[in-house]
Amino acid sequence: MSTAENLYTPFANRPEEFEIGPELVAAAGLEAWSSQFKLGTAGYRDLLDPEDLFNFGVPLNGLTLAIILEARARLAVAKGIKSLHVGGEVRPHTQEFIDLASRIYAAHGISVHLRADGERTTPIWLSSFGVFHEELDGGENFTASHSQSYKGGWKPMEAAGGQLMEMAGQIADGVRDLVAIAGSGGVRIRLAASGDDLIRRDFDPVAAYVDVLKQVVPEPLLTEVSRATEGGFKAAFCTEGGSMGPAARRIYASLGIPSGDDEAVFFTHEEESSNYHGIGVVDGVNHGVDPGKWQVYKNVGAQEMLAGGACDVFFIWDPDGDRFNMVTMAPARLANEARGAGLEVDPLDEDRCLVFFKPNQIYFMLTALKIASLAEAGELENYNWIVATTWPTSMSIGEIADTFNERFGGALGTFRVPVGFKYFASLVGGLEEQIAAGNPNTSAVDVTGTRAEFGPKPRLLMMAEESGGAAMGPAEPVVSRHGKRTSLAPKEKDAMQIGVMALCLAARLHRQESSFAAYYLELLEKFDTRYRFYERRDITLFDESLQGAARDEAKAAGNARKEATVAFFASLEGKEPAEAAAILMDRMPEGSVLPTIKRVFHAGDGTYIEFDSLWFELRASGTDAVLRFYMEGRDEALVAELNEAFTLIQVD
């Protein structure tokens with residue numbers, strides 16, 4: 001088996017090349033690996049060995065990545081792509097991966113744009129925005145987002161900063177072609193020197209990003225922070241040892257919000273850590289670092305800091321800055337009411353309780369806040385604002401827009417897309433094309449074939465995923481550095497935006513001597529929210545930390561279960577409601593009660609069942625080895641009982 005010494009040397013400041021021939025193809029199991037390779041919801045994500053870059057016993061290693069990048073480079077040359085950004089977060093081998101991509105691309109004559117000297121990491125939203133702003137031909141970020149540190153990832157993007165769509169399949173085909181050629185003869189991969197003139201450390205779009213952020217977050221909200229800090233307000237941001245600390249410090253400084261150890265806004269777990277300071281590891285099990293998981297938000301020190309008065313609110317960003325969550329406090333007298341409204345509540349002391357929010361609930365509040373802020377600024381009626389969500393995201397977010405329209409004669413639009421922020425990017429891109437074509441009105445068609453009409457000036461008020469990713473667009477289109485491009489909204493999740501908005505709301509609530517819990521309860525009643533109890537149950541398919549034959553066996557069994565479950569629910573799509581109900585009842589546990597079904601359809605990547613009073617979706621995760629069972633309605637007990645019954649359906 002080959003070793004690092006006879007493949008290539010990371011960071012070598014000299015040109016190198018190596019050959020992949022039949023022997024190496026067999027030794028590294030490349031045929032089996034390439035047959036399964038694809039770019040999914042979040043690009044490519046798979047198991048790596050944190051200790052050994054060239055461990056061929058795991059799917060993502062220095063050899064397989066070189067093949068992926070070579071396929072990307074050859075396709076880029078064929079399509080006339082001349083410039084790419086490369087960035088990443090902190091998980092194992094990230095710097096080696098960035099170096100490898102840069103050298104392969106430079107060897108193909110592509111200019112590569114890395115962070116400026118002194119900046120090691122790039123949050124995903126900054127990569128995306130920078131590719132657009134600097135007018136590059138594309139880019140990529142080495143990240144596996146919230147996944148465990150033993151997984152690595154690669155997320156390529158197109159010139160507008162969104163994830164690849166058409167080219168994703170072409171890259172996968174290119175990977176298989178390279179492995180086939182290597183297996184029958186040989187493939188040579190060339191690397192430029194790490195100091196090649198085409199590899200430039202000039203990627204720094206922070207100042208331009210801040211200019212746009214000031215358009216997204218209304219000025220009156222930003223001023224709330226300084227006013228609250230005068231009254232003793234403090235906010236902590238946990239960065240999980242990822243990429244957000246350095247970028248957030250610069251951005252807060254540009255917004256006039258001092259941040260640091262002795263400031264009102266400060267950071268925890270800021271030191272770069274390839275294993276994220278052990279966050280998410282509970283009782284020896286690594287649950288990853290998704291801020292929306294209790295294994296994370298209840299085990300990062302938030303309770304102690306809030307109880308001791310170190311902060312008034314505790315925010316959490318994941319390592320690449322695309323997911324967000326928070327831990328808050330409320331008066332103890334609100335505990336039962338908050339719990340009864342679907343919030344997670346723990347005792348803190350005699351006078352206070354802890355209130356934990358899920359991303360759905362956060363975006364519900366921020367959507368209401370943004371609508372109110374736009375109305376106050378007189379910008380709500382000047383544009384055709386859209387609230388967009390994925391199908392399995394809480395319907396309460398879109399409900400706010402619908403109720404606002406009914407009560408105040410507004411024209412807020414709503415739209416739903418499949419899971420994956422690339423579908424939001426596609427929505428935005430389609431609207432941009434219609435504006436450029438001079439269409440008097442804009443529209444979009446969802447996966448069910450339903451057309452939504454928006455008007456001549458579509459703007460993205462909120463784009464939200466239940467998993468924790470979201471972004472917002474400004475009132476006026478953003479223009480790139482030299483004016484060659486315009487954009488209505490980000491093409492990638494942006495938890496920096498969300499963090500700033502949440503900070504502003506926290507400051508306002510502090511000044512009002514109120515709480516997030518009180519604000520949430522107020523909004524539920526104000527909008528008479530129907531969809532307020534939300535549940536997602538994840539069924540793990542196999543242990544992704546396994547390696548070699550044990551992993552292959554477990555993965556095969558897990559995939560068989562996944563395919564059978566997905567196929568069963570998919571078989572219900574398009575059937576008459578009564579027929580679908582009969583099939584479900586035949587498989588559900590004895591004694592189960594099934595509400596009246598209105599329709600069953602395919603929601604892009606899962607089966608969606610619409611009932612009279614609630615909804616359900618089953619889909620296989622595109623990032624983790626799990627099946628996700630989603631359900632939401634106004635009756636908490638019914639949501640829990642019915643979702644559990646669906647997870648117990650026997651499909652074998």
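Which residues, counting only those in region 4-44, are assigned to a strand (DSSP E or B) and open to solvent by 40 Å² or more (accessible area, probe 1.4 Å)?
Residues satisfying the conditions are 17, 19.
State yes or no: is residue 300 closer than 26 Å to residue 145 by Cα, part of a loop (DSSP other than H, G, I, E, B) and aliphatic (A, V, I, L, M)?
Judged against the criteria, residue 300 is a match.
Determine, yes or no, whether residue 561 is open to solvent by 40 Å² or more (accessible area, probe 1.4 Å) and assigned to a helix (DSSP H, G or I).
yes
Residues checked against (1) open to solvent by 10 Å² or more (accessible area, probe 1.4 Å); (2) out of contact with any Pro (no Cβ under 6 Å at 6 or more places or on another chain):
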| position | (1), (2) |
| --- | --- |
| 70 | no, yes |
| 88 | no, yes |
| 99 | yes, no |
| 102 | no, yes |
| 109 | yes, yes |
| 135 | yes, yes |
| 148 | yes, yes |
| 153 | no, yes |
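Tally time: how many residues in region 219-233 are of a type outside the set (S, T, N, Q) and in contact with an Asp or Glu (Cβ under 9 Å, 6 or more places away or on another chain)?
Qualifying residue count, region 219-233: 4.
May I ask you to say which residue of 183, 195 is buried (at least 19 other Cβ atoms within 10 Å of the Cβ) and under 30 Å from residue 67 (Cβ atoms)?
183
Taking region 192-210 only, how many residues are in a loop (DSSP other than H, G, I, E, B) and not aliphatic (A, V, I, L, M)?
6
Filter region 45-86 for residues that are touching a strand residue (DSSP E or B) at 6+ places or on another chain (Cβ under 6 Å) and in a helix (DSSP H, G or I); which is nearest to residue 146 (Cα to Cα)?
Looking at the filtered set, the residue picked out is 66.
Say we look at region 582-618 and pick out the residues that are crowded, with 20+ Cβ neighbours inside 10 Å and more than 29 Å from the chain's Cα centre (by Cα); which of these is nearest to residue 447 (Cα to Cα)?
So, considering only residues that are crowded, with 20+ Cβ neighbours inside 10 Å and more than 29 Å from the chain's Cα centre (by Cα), the one nearest to residue 447 (Cα to Cα) is 597.
With the requirement that a residue be open to solvent by less than 10 Å² (accessible area, probe 1.4 Å) and in a loop (DSSP other than H, G, I, E, B), what does region 211-253 give you?
217, 233, 239, 240, 241, 242, 243
Might you check whether a residue that is surrounded by 22 or more Cβ atoms within 10 Å (Cβ to Cβ), in contact (Cβ under 8 Å) with a residue 24 or more places away in the chain and among the charged types (D, E, K, R) occurs anywhere in region 466-488?
Within region 466-488 (the criterion being surrounded by 22 or more Cβ atoms within 10 Å (Cβ to Cβ), in contact (Cβ under 8 Å) with a residue 24 or more places away in the chain and among the charged types (D, E, K, R)), the answer is yes, since at least one residue qualifies.
Can you tell me which residue in region 160-191 is nearest to the chain's Cα centre (by Cα), limited to those that are part of a loop (DSSP other than H, G, I, E, B) and within 25 Å of residue 128 (Cα to Cα)?
Among those residues, the one meeting the criterion is 162.
Please work out if residue 389 is farther than 27 Å from residue 312 by Cα, open to solvent by 30 Å² or more (accessible area, probe 1.4 Å) and touching a residue at least 24 places away in the same chain (Cβ under 8 Å).
Criteria not met by residue 389.
So how many residues does region 77-86 have that are out of contact with any Ser or Thr (no Cβ under 9 Å at 6 or more places or on another chain) and open to solvent by 40 Å² or more (accessible area, probe 1.4 Å)?
The number of residues fulfilling the criteria is 4.
The values are calculated or read from the model by the stated rules, or taken from the named source; none is laboratory data. Computed from a prediction, not measured in an experiment: that's the story for all the values here. Every residue, glycine as well, gets a Cβ built from its backbone with ideal geometry; the counts of neighbours run over all protein chains shown. Note: accessible area is taken over every heavy atom of the protein model, side chains too, but ligands, DNA and RNA are not part of it. Shrake-Rupley method; radii C 1.70, N 1.55, O 1.52, S 1.80 Å.
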